[in-house]
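Trainee: Before I ask anything, here is the structure I am working with.
The values are calculated or read from the model by the stated rules, or taken from the named source; none is laboratory data. Predicted model, so just to flag it, every value in this text is computed and none were measured. Methodologically, a virtual Cβ is constructed for each residue, glycine included, from the backbone with ideal geometry; neighbour enumeration extends over all protein chains shown. Accessible surface is based on the protein model in full, side chains and every heavy atom, while ligands, DNA and RNA are left aside. Shrake-Rupley method; radii C 1.70, N 1.55, O 1.52, S 1.80 Å.
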Amino acid sequence: MTKTCRVAVIKGDGIGKDVAEAALEVAQAATSRVGGCALSFEETLAGAGYFSETGQDIEPGGEEKVGQADAIFLGAIGLPAIRHANGTEISPHLRLRDRYGLYAGVRPVRAYPNAPQRLADPRAAGIDMVILRESTEGLFYSAAVHNRSEIIGDTEVRDTLRITRATTEKLHRFGFRLAEKRKSRGKPGRLTCVDKANVFASMAFFRKIFDEIAPEFPQVETGYAYVDAQALNLIRNPWDYDVMVMENMFGDILSDLAGGLVGGMGMASCAEIGDETGLFQPAHGSAPDIMGQDKANPLAAILSGALMLEYLAEKTGNARFDEAAQLIDDAVQAGFEANALRPMEFGGDMGTRAVTTEVLSRVTARAAI
């Protein structure tokens, strides 16, 4: 019997529309190829463009509607010329993280053959790690919902960095389980706690909880790094890391740095997972300078679609979704190995549609698992 999962789609702004359509087309093709699972899509309007037209950043009832789906897929949100009165970006997706408790921000970082490698060391070809970013608290706690910042006239602003035991325990357990899963697939299965515990009480608390959770997972090797040292390590020896767990702002910064090591943000997939639902999106921005020009690299969105399928497999217990995700991952890997994926982002000759078509051809040509 075929299991159909409902996906709420927010295409958003700029290239978000182009890459979201590419990702969903590939995900649909992969589920059709393996059989026994299917997707249905329902769009919700949101973003800076919608805000400029209506004064609202998401359609009426949109927040509630997306939460009723099995998963949420987001293209990209934000336009530089459209801001709130205080200068901040239009960002309803931050509120969705907060509302639905999407605490586990999963940012895979993987080197592909024939994709740009910014480090000369040949070991850079083997980069394969995950940045696990807490996505509801930390310094972004103040940004998720308006009026959390303390504004003192025109002389001072105070943003709160929040770390709670309840969320941090869930985050660390998620990290340990992710390390276990990667170890079962032949990866190192090592979890590094990245913090600034030598300076901030909040970060010392973050590490304390990490140490309390660690004995529950005796097979997982652990390590520690202060965030400034970890930034250096990601340039000096990124191949030594497997899964890194960290506070929200630290993860925001280090995931962009790590993305640059393996080609750029056009390869930066992302999952934000909570207890009840998950949101999936490319980690790049809306790039309005190239919107509608068939220049955007859709691979980050396509790989985010694969993460969504993996999530649906766990959520529903239907392994067919996992098989569909593997079809996509294998298609991207094989495409790079054959030098058949050459995005313009990397100086190649393939636009959004050409890259999507190449991935689709490999997904549909593969025998079902």
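Trainee: Quickly work out the Ile151-to-Ala201 label distance, labels modelled 7 Å from Cα along the C-beta direction, and quote it in nm with one decimal.
Mentor: 2.8
Trainee: Note down the magnitude of the dipole of the stretch 247-345 about its Cα centre, charges +1 on Lys and Arg C-beta and -1 on Asp and Glu C-beta and zero elsewhere, to the nearest 20 debye.
Mentor: I would put it at about 340 debye.
Trainee: Evaluate the distance, in nm, between pseudo-label points positioned 7 Å from the Cα of Ala85 and of Arg173 along their respective Cα→Cβ axes.
Mentor: Result for the modelled spin labels: 4.3 nm.
Trainee: Sticking with this structure for a sec: I need the peptides 285-293, 4-12 ranked by packing, meaning the mean over residues of other C-beta atoms within 10 angstrom, with the highest value on top.
Mentor: 4-12, 285-293
Trainee: Another question about this same structure. How high is the relative contact order of the chain? Use alpha-carbon pairs under 8 Å, at least six apart in sequence, and give a whole percent.
Mentor: 24
Trainee: While we're here: 5 Å is the cut-off here: which amide hydrogens, built 1.01 Å from N in the peptide plane, fall below it relative to Glu43, excluding neighbours closer than 5 in sequence?
Mentor: For Glu43, whose amide H was placed from the backbone, the distant partners under 5 Å are Val9.
Trainee: Which of Asp70, Asp13, Asp121 moves the most in a Gaussian network model of the chain with Cα springs under 10 Å?
Mentor: Of Asp70, Asp13, Asp121, the Gaussian network model singles out Asp121 as fluctuating most.
Trainee: Identify all aspartates and glutamates with a Cα-Cα distance to Lys11 below 12 Å; exclude those on the same chain that are fewer than 8 residues away in sequence.
Mentor: Counting by Cα, and skipping residues close in sequence, Lys11 has these aspartates and glutamates nearby: Glu21, Glu42, Glu43.
Trainee: Along the stretch 106-122, what does the Karplus equation 6.51 cos²θ - 1.76 cosθ + 1.60 (θ = phi - 60°) give for ³J(HN,Hα), rounded to whole Hz, x for Gly and Pro?
Mentor: Each residue of the stretch 106-122 in turn: 9, 10, x, 10, 9, 7, 10, x, 6, 9, x, 10, 7, 9, 6, 4, x Hz.
Trainee: Whole-Hz ³J(HN,Hα) for each residue in the stretch 348-353, computed from phi via Karplus 6.51 cos²θ - 1.76 cosθ + 1.60 with θ = phi - 60°, x for glycine and proline: what do you get?
Mentor: Those phi angles translate into x, 10, 10, x, 4, 5 Hz.
Trainee: Give me the lysines in straight-line cross-link reach of Lys170: C-alpha distance below 23 Å, same-chain residues under 8 apart excluded.
Mentor: Lys170 reaches Lys181, Lys183, Lys187, Lys196, Lys208, Lys315.
Trainee: Along the Cα→Cβ direction, 7 angstrom out, place labels at Gln333 and Lys315. What is the inter-label distance in nm?
Mentor: The answer from the label model is 2.5 nm.
Trainee: Sticking with this structure for a sec: Give me the net charge for the shell around Pro215: Cβ to Cβ below 15 angstrom, other residues only, Lys and Arg +1, Asp and Glu -1.
Mentor: -2
Trainee: Right, something else. Could you sort 257-263, 88-94 so that the peptide with the highest average Cβ count within 10 Å comes first and the rest follow in order?
Mentor: Most protected by this proxy first, the peptides run 257-263, 88-94.
Trainee: A further question on this structure: For Ser184, put the label point 7 Å out on the Cα→Cβ axis and report which residues of the stretch 204-246 keep their amide N under 18 Å from it.
Mentor: Once the point is set 7 Å along Cα→Cβ of Ser184, 216-221, 243 turn out to lie under 18 Å by backbone N, inside the stretch 204-246.
Trainee: Given bins 20 angstrom wide, list per bin the percent of all Cα-Cα distances in the chain, short to long.
Mentor: Result, from short to long distances: 29, 61, 10, 0 percent.
Trainee: Suppose all protein chains stay in the model; what accessible area per residue would a 1.4 Å probe give for the stretch 116-270, in Å²?
Mentor: 46
Trainee: While we're here: What accessible area per residue comes out for the stretch 311-369, rounded to a whole number of Å², with a 1.4 Å probe?
Mentor: With the other protein chains kept in place, the stretch 311-369 gives 43 Å² per residue.
Trainee: Now for a separate question. With charges set only on the Cβ (+1 for Lys and Arg, -1 for Asp and Glu), what does the dipole of the chain come to about its Cα centre, in debye to the nearest 20?
Mentor: 840
Trainee: With a 1.4 Å probe and all protein chains left in place, how much of the accessible area of the chain comes from carbon and sulfur atoms, in whole percent?
Mentor: Percent of accessible area from carbon and sulfur atoms in the chain: 50.
Trainee: Which of these, Asn237, Asn114, Asn147, has the largest mean-square fluctuation under a Gaussian network model of the chain (Cα springs below 10 Å)?
Mentor: Asn147
Trainee: Name the residue, out of Leu303, Leu24, Leu161, whose mean-square fluctuation peaks in a Gaussian network model built on the chain with Cα pairs under 10 Å.
Mentor: Top of the fluctuation ranking is Leu161.
Trainee: Could you state the number of Å between the C-alpha centres of the stretch 295-312 and the stretch 76-145?
Mentor: Each part reduced to its Cα centre gives a spacing of 14 Å.
Trainee: By how many nm would the segment from Asp256 to Ala120 grow when fully extended, if each residue of separation counts as 0.36 nm and the alpha-carbon distance is taken off?
Mentor: Taking Asp256 through Ala120 to full extension adds about 47.1 nm, to one decimal.
Trainee: Okay, next question. List, in order, the whole-Hz ³J(HN,Hα) value for each residue of the stretch 292-305 obtained from phi through the Karplus relation with A = 6.51, B = -1.76, C = 1.60 and θ = phi - 60°; use x for Gly and Pro.
Mentor: These are the phi-based 3J(HN,Hα) values: x, 10, 6, 10, 5, 7, x, 5, 4, 5, 4, 5, 5, x Hz.
Trainee: Along the positive direction of the dipole of the chain (beta-carbon charges: Lys, Arg +1; Asp, Glu -1; about the Cα centre), which of Gly317, His84, Val227 reaches farthest?
Mentor: After comparing all options, I get Gly317.
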